[in-house]
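Contents: one structure, followed by commentary.
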Amino acid sequence: MSAQLIDGFGRVHRDLRISVTDRCNFRCAYCMPEEGMQWQRREDLLSFEEIERVARIMVERYGVDGIRLTGGEPTVRARLPILVEKLAALGVDLAMTTNGVTLPLLAKDLKAAGLRRVNISLDSLRHDRFEELTRRDELDRVLEGIDAAKAAGFDPVKINVVVMKGINDDEVLDFARFGREHDVTVRFIEFMPLDADEIWNNDRVLTQAEILATLQAEFDLEPVERTSAPASRWRYADGAGEIGVVASVSQSFCDTCDRVRITADGQFRNCLFATDETDVRALLRDDSSDDVIAAALERTVAAKWAGHQINQVHFIRPRRSMSEIGG
Ligand code: SAM
Ligand code: SF4
């Protein structure tokens, strides 16, 4: 490996997010419309072999060392452990973001296949609110999924909470206590303008500063040194683990971003908020060589912009919503 996926601002990209399906068994209000999603046709999704090929190019040529599986809901893709086994063989830090509802069934098999880490999305600990937000009455199954992930040996298990003002911002302390009691790392995520129903506006964003002030009213927190990961982190002074905030809106981390993404239908994106994509699926299916595919990846990353500019007048919402890109 000598080449790098580097952009015009000197950012080297080593973190790949792969969406394995656009389908989902939930319909979270901040992500997907309740009805009317047009699913990709099965034949338009990348096959496991195609995913493995493009991932291998990135790992072997460009030193990509982290891969995260996402969706839609990644666990609704049939035979997911087979893909996990193929990607784990590349020797990367392999993680998955999931709504957790199928983990009671799948956690063990995924761990055995080589998945190293899981992040579970959970935005309310209250049954009625959970159902309103996800449009599914599955809180108990998700809580079971968290236990199943821990029992399967995933460590740490992280919980991602999208916090929205007036919707679930009164649960910040409940989540912190939940994390401490259940020995899981809670990360609060600022609400981003990628919701299919377009309910996002700036007034709905509970900022990192507001989240931190709420936490500090009850807990003594010490900052943890930042890595290239998007979360700002704090540890509890009493040793009961740590807590994080992904402040994508109020304190964008674009200048240290090292991520690229592939959608379930094989479109390569250089930013979550990108308005352009590169059709890698077409290259994979027209017998293009690895060199040709690699050149397309390099060009796409080289063209990356400085940052997303949410809150600026010229911000353009991407055509796809979060469930189609993968978070
Ligand atoms: N279905 C899986 C899940 O929910 O974890 C993976 C896909 S989901 C699109 C990936 C992440 O994006 C989840 O943590 C979800 O909470 C987050 N997300 C979805 N819509 C969002 C939004 N508008 N703002 C911030 N985060 C969002
Ligand atoms: Fe599905 Fe995840 Fe989007 Fe919720 S956040 S609708 S679980 S893809």
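Are any of the residues in the range 54-70 within 30 Å of Arg129 (Cβ to Cβ) and surrounded by fewer than 19 Cβ atoms within 10 Å (Cβ to Cβ)?
To start, the set of residues in the range 54-70 that are within 30 Å of Arg129 (Cβ to Cβ) comprises 68-70.
Right, trim to surrounded by fewer than 19 Cβ atoms within 10 Å (Cβ to Cβ) and you get none.
Among the residues of the range 54-70, not one is within 30 Å of Arg129 (Cβ to Cβ) and surrounded by fewer than 19 Cβ atoms within 10 Å (Cβ to Cβ), which makes the answer no.
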Where residues in the range 297-327 are surrounded by 19 or more Cβ atoms within 10 Å (Cβ to Cβ), away from ligand 2 (no atom under 16 Å from the Cβ) and over 14 Å from Ile6 (Cβ atoms), which of them is modelled with the lowest pLDDT? Ile310
State whether the residues of the range 82-92 include one that is within 16 Å of ligand 1 (Cβ to nearest atom) and either modelled with pLDDT of 95 or more or crowded, with 17+ Cβ neighbours inside 10 Å (or both). yes
Within the range 248-269, can you find the residues that are more than 15 Å from ligand 1 (Cβ to nearest atom) and of a type in the set (Gly, Ala, Ser)? Gly266
Run down Phe130, Phe48 and say which single residue is aromatic (Phe, Trp, Tyr) and farther than 22 Å from Arg261 by Cβ. Phe130
Breaking point among (1) assigned to a loop (DSSP other than H, G, I, E, B); (2) surrounded by 15 or more Cβ atoms within 10 Å (Cβ to Cβ), for Ala3: (2)
Examine the range 83-94 for a residue that is closer than 27 Å to Gly244 by Cβ and among the acidic types (Asp, Glu), and state whether such a residue exists. yes
Name, by its number, the condition in (1) modelled with pLDDT under 95; (2) surrounded by 13 or more Cβ atoms within 10 Å (Cβ to Cβ); (3) in contact with a helix residue (DSSP H, G or I) (Cβ under 8 Å, 6 or more places away or on another chain) that does not hold for Val186. (1)
Residue ID - farthest from Gln267 (Cα to Cα), chosen from residues in the range 59-76 that are away from ligand 1 (no atom under 13 Å from the Cβ) and in a strand (DSSP E or B): Gly66
Within the range 210-226, is even one residue within 30 Å of Leu46 (Cβ to Cβ) and surrounded by fewer than 19 Cβ atoms within 10 Å (Cβ to Cβ)? no
For Leu16: the one exception among (1) more than 9 Å from ligand 2 (Cβ to nearest atom); (2) over 27 Å from Arg116 (Cβ atoms); (3) buried (at least 22 other Cβ atoms within 10 Å of the Cβ): (2)
Starting from residues that are more than 16 Å from ligand 2 (Cβ to nearest atom) and either at pLDDT 95 or above or not in a helix (DSSP H, G or I) (or both), keep the ones in the range 189-207 and report whichever is surrounded by the fewest Cβ atoms within 10 Å (Cβ to Cβ). Asn201
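Could you tell me whether the range 185-198 includes any residue that is away from ligand 1 (no atom under 13 Å from the Cβ) and closer than 25 Å to Ala95 by Cβ? Give the steps one after another, and end with the answer.
Step one: filter the range 185-198 for residues away from ligand 1 (no atom under 13 Å from the Cβ), giving 185.
From what is left, the residues that are closer than 25 Å to Ala95 by Cβ are 185.
Within the range 185-198, one or more residues are away from ligand 1 (no atom under 13 Å from the Cβ) and closer than 25 Å to Ala95 by Cβ.
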I want to confirm something. Restricting to the range 112-148 and keeping residues that are surrounded by fewer than 21 Cβ atoms within 10 Å (Cβ to Cβ) and of a type in the set (Asp, Glu), which single residue is nearest to ligand 1 (Cβ to nearest atom)? Glu138
Residues of the range 28-50 being at pLDDT 95 or above and either within 16 Å of ligand 1 (Cβ to nearest atom) or under 20 Å from the mean Cα position of the chain (by Cα) (or both), which ones? Leu45, Leu46, Phe48
Taking the residues in the range 227-236 that are polar (S, T, N, Q) and either without any contact (Cβ under 8 Å) to a residue 12 or more places away in the chain or part of a strand (DSSP E or B) (or both) as candidates, determine which candidate is surrounded by the fewest Cβ atoms within 10 Å (Cβ to Cβ). Thr227
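The values are calculated or read from the model by the stated rules, or taken from the named source; none is laboratory data. Since the model is a prediction, treat every value here as computed from it, not as a measurement. As a convention, Cβ positions derive from the backbone with ideal geometry for all residues, glycine included, and neighbour counts pool all protein chains shown.
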